[in-house]
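S.K.: Here's a structure for you.
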């Protein structure tokens with residue numbers, strides 16, 4: 001069975017990425033050239049060719065993307081595991097609003113590949129919980145997701 005490859009996000013993935021979602025981000029380490037991975041959750045897709053996400057501005061991912069913009073997001077859901085390949089760009093060095101100093105990064109989607117191993121299907125989404133103050137976490141999440149949705153107002 002050949003894994004499906006698309007050039008944009010299909011409707012099911014686009015719908016998933018309208019809300020906070022657990023994904024992994026792979027970039028190229030700017031000093032060693034080796035892969036560098038991080039888990040992130042502040043992710044938003046305004047359309048089928050664009051994914052925005054927020055990371056701590058001190059994150060190695062920020063410098064990696066500035067030096068070498070190729071990046072991949074791994075999304076688990078909608079019955080499978082997907083690799084979303086594209087070109088990333090730091091759109092906002094520090095997002096206005098949230099108390100944390102977060103960079104806003106935008107990935108232009110080049111390819112979406114179903115990478116699930118043969119004969120299997122994902123039956124449950126990745127679950128996680130915030131381990132700090134629930135009210136503070138909810139407020140921060142709202143601030144960051146609003147910023148991801150209104151990036152053009154900030155840049």
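S.K.: Out of everything in the range 12-41 that is closer than 14 Å to residue 75 by Cα and exposed (fewer than 15 other Cβ atoms within 10 Å of the Cβ), what residue ends up being farthest from the chain's Cα centre (by Cα)?
M.R.: Looking at residues that are closer than 14 Å to residue 75 by Cα and exposed (fewer than 15 other Cβ atoms within 10 Å of the Cβ), I get 12.
S.K.: Residue under question is residue 46, and the condition is that it be under 13 Å from the mean Cα position of the chain (by Cα) and at pLDDT 95 or above; does it hold?
M.R.: Working: under 13 Å from the mean Cα position of the chain (by Cα): yes; at pLDDT 95 or above: yes.
Here the answer is yes, as residue 46 does meet what is asked.
S.K.: A follow-up question, please. List pairs: first in the range 86-98 and closer than 13 Å to residue 56 by Cα, second assigned to a strand (DSSP E or B) and modelled with pLDDT of 95 or more, Cβ under 6 Å, 6+ apart or cross-chain?
M.R.: The qualifying pairs are 90/103; 90/105; 92/104; 93/103; 95/102; 95/104.
S.K.: Out of 122, 126, I need the residue that is under 22 Å from residue 9 (Cβ atoms), surrounded by fewer than 16 Cβ atoms within 10 Å (Cβ to Cβ) and without any contact (Cβ under 8 Å) to a residue 60 or more places away in the chain. Which one? First the steps, then the outcome.
M.R.: On the way: 126 fails: without any contact (Cβ under 8 Å) to a residue 60 or more places away in the chain.
After applying the criteria, what remains is 122.
The values are calculated or read from the model by the stated rules, or taken from the named source; none is laboratory data. What you see is a predicted model; the values in this text were computed from it and never measured. Glycine also receives a Cβ, built like all others from the backbone with ideal geometry; neighbour counts cover every protein chain displayed.
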